[in-house]
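Here the structure comes first, spelled out in structure tokens, and everything after it is commentary.
Since every read-out is calculated from the coordinates, none of them should be taken as a lab result. Predicted model, so just to flag it, every value in this text is computed and none were measured. Cβ atoms come from the backbone with ideal geometry, glycine included; neighbour counts cover every protein chain shown.
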Amino acid sequence: MSSKHNPSPRRVFTPEFKTRLVLQLLSKERTVAELCREHGLRDTQVHQWRQSFLERAEHAFAPETPPKESKRIAELEQLVGQQALELAILKRALGR
């Protein structure tokens, strides 16, 4: 009989949970060690969340463009570029 080690499934943490933890850390309300003990986390994970939070902080004040609109804008920009290229080819062909 072979014994296989069944690792416990990975826990998934919501963005809200991570944000709350990082804010507690940044406000010095709690230490990394306290948060890790309370929630059964590794300190490297908490430090990664903190780093990710700080790297993305500048986007908190950026004007929001809904993802659907951003995709549509990119599609339209690509279409304009394609049409500009076609126009240049046609002008060259006509000798203008």
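Look through the range 72-96, keep the residues that are basic (Lys, Arg) and surrounded by 10 or more Cβ atoms within 10 Å (Cβ to Cβ), and return whichever of them is nearest to residue 26 (Cα to Cα). Checking each candidate, the answer is 72.
Residue count for the range 39-56 under the criterion of being loosely packed, with under 11 Cβ neighbours inside 10 Å and of a type in the set (A, V, I, L, M): the result is 0. Which ones in the range 58-96 are part of a helix (DSSP H, G or I) and closer than 30 Å to residue 19 by Cβ? Residues satisfying the conditions are 58, 59, 60, 61, 67, 68, 69, 70, 71, 72, 73, 74.
In summary, residue 32 fulfils each of the numbered conditions (1) surrounded by fewer than 11 Cβ atoms within 10 Å (Cβ to Cβ); (2) under 24 Å from residue 11 (Cα atoms); (3) of a type in the set (A, V, I, L, M, F, W, C) with the single exception of condition (1).
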